[in-house]
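Notes follow the structure.
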Amino acid sequence: MSHEPESPSDTDLLAAWRAGDRAAGQELFARYYEAVERFFLNKAGDASVDLIQQTFLACVEGVQGYRGEGSFRSYLFSIAYRQLCRYYRDRNREPVDFASVSACALDLSLSRQMVEREELRLFMSGLRTIPLELQVVLE
């Protein structure tokens, strides 16, 4: 019976990457790329590709400063979260409280605006078909 060798831990890959092993860094990125992609697709739609690149670039630039407190995954997703916050902060003129606002509420893309306009049009069209007294209550 042959046993497949265990894949190295994130800690081992990180140590090798910091020591100059580019393949170890590439393996870490491959390990987490899909998870980071899902994180952004669910929250930023079309801007996801740029945010993914910015996240991994910030990881490369800051890896030597990473103190090893917590998992590499946590470190990477903290970078992703900061990139997402910066993205929405740059898009909105007013300050954003990220603890109380959803990604959907922040999505001001043209396609999202068109969808919202169409939803409002359908709602108003449906509203006109019910008795006037109920229209007033709903408005």
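The values are calculated or read from the model by the stated rules, or taken from the named source; none is laboratory data. As the structure is a prediction and not an experimental result, all values here were calculated from the model. Heads up, the Cβs are rebuilt from the backbone with ideal geometry, glycines too, and the neighbour counts pull from every protein chain shown.
Being closer than 19 Å to residue 74 by Cα and among the basic types (Lys, Arg) is the filter here; which residues of the range 17-54 pass it? Those that are closer than 19 Å to residue 74 by Cα and among the basic types (Lys, Arg): 18, 31, 38, 43.
For the range 79-117, residues that are loosely packed, with under 11 Cβ neighbours inside 10 Å and at pLDDT 80 or above total 1. The C-beta contact set for the range 22-39 (first residue within 18 Å of residue 58 (Cβ to Cβ), second residue aliphatic (A, V, I, L, M) and assigned to a helix (DSSP H, G or I), distance under 7 angstrom, 6+ apart or interchain) comprises 28/13; 28/14; 32/76; 36/52; 36/76; 36/80; 37/52; 39/80.
For the range 66-89, a residue qualifies if it is closer than 19 Å to residue 31 by Cα and either aromatic (Phe, Trp, Tyr) or not assigned by TED's automatic domain parsing to the domain that holds residue 39 (or both), and the qualifying residues are 66, 72, 75, 77, 81.
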